[in-house]
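Below is one structure, written out as structure tokens, with a few remarks after it.
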């Protein structure tokens, strides 16, 4: 599902994929904290790369406490930490936060079951997508 997209961005934009165990642990933790399941399209990406970062645009990954101690700047790029912080700061619970740039948030709209690009100020919607790969092409401005 993501192979074609990943070939269109630099190798340095991707990270080592996660083990099934790490993904499963994160899904359980996320559900226990927020009472919502992570979208399957995002989970599939984690099987290919632990997040993405390219040209000022980032998709969050999954980082354990040992890794975060060594790389504290990545804390905001951990899906659980990012969603916890966002919900604490804004009290907005309609979305699962999946990424960001200096201007946008990448989210999964829980009620609509759609992926969206929202402004990081007023949360204005700039695009709605049926699948995560569609959103990634738009967000990273990569030609399909």
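The values are calculated or read from the model by the stated rules, or taken from the named source; none is laboratory data. Remember, predicted model here, so these are calculated numbers, not experimental data. So basically every Cβ, Gly included, is an ideal-geometry build from the backbone, and we count neighbours across all protein chains shown.
Here are a few things to note about the model shown:
- Within the stretch 68-77, restricting attention to residues that are surrounded by fewer than 20 Cβ atoms within 10 Å (Cβ to Cβ) and touching a strand residue (DSSP E or B) at 6+ places or on another chain (Cβ under 9 Å), the residue that is farthest from residue 19 (Cα to Cα) is 76.
- Selection count, the stretch 28-42, where residues are farther than 20 Å from residue 94 by Cβ and either in contact (Cβ under 8 Å) with a residue 12 or more places away in the chain or not in a helix (DSSP H, G or I) (or both): 1
For every residue, the table says whether it meets (1) in contact (Cβ under 8 Å) with a residue 40 or more places away in the chain; (2) under 17 Å from residue 41 (Cα atoms); (3) surrounded by fewer than 20 Cβ atoms within 10 Å (Cβ to Cβ); (4) touching a helix residue (DSSP H, G or I) at 6+ places or on another chain (Cβ under 7 Å).
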residue: 87; (1), (2), (3), (4): yes, no, yes, no
residue: 103; (1), (2), (3), (4): no, no, yes, no
residue: 117; (1), (2), (3), (4): no, yes, no, yes
residue: 135; (1), (2), (3), (4): no, yes, no, no
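- The stretch 1-14, residues that are surrounded by fewer than 16 Cβ atoms within 10 Å (Cβ to Cβ) and either modelled with pLDDT of 95 or more or not in a helix (DSSP H, G or I) (or both): 1, 8, 10
- Residues of the stretch 89-101 that are surrounded by 21 or more Cβ atoms within 10 Å (Cβ to Cβ) and more than 14 Å from residue 26 (Cα to Cα): 95, 99, 100.
- From the list 80, 60, 36, the lone residue that is touching a strand residue (DSSP E or B) at 6+ places or on another chain (Cβ under 9 Å) and either loosely packed, with under 15 Cβ neighbours inside 10 Å or over 22 Å from residue 134 (Cα atoms) (or both) is 36.
Results for (1) farther than 22 Å from residue 10 by Cα; (2) touching a helix residue (DSSP H, G or I) at 6+ places or on another chain (Cβ under 8 Å), shown as yes or no for each residue.
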position	(1), (2)
29	yes, yes
49	no, yes
82	yes, yes
121	yes, no
125	yes, no
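- From the options 40, 28, residue that is at pLDDT 95 or above and over 16 Å from the mean Cα position of the chain (by Cα): 28
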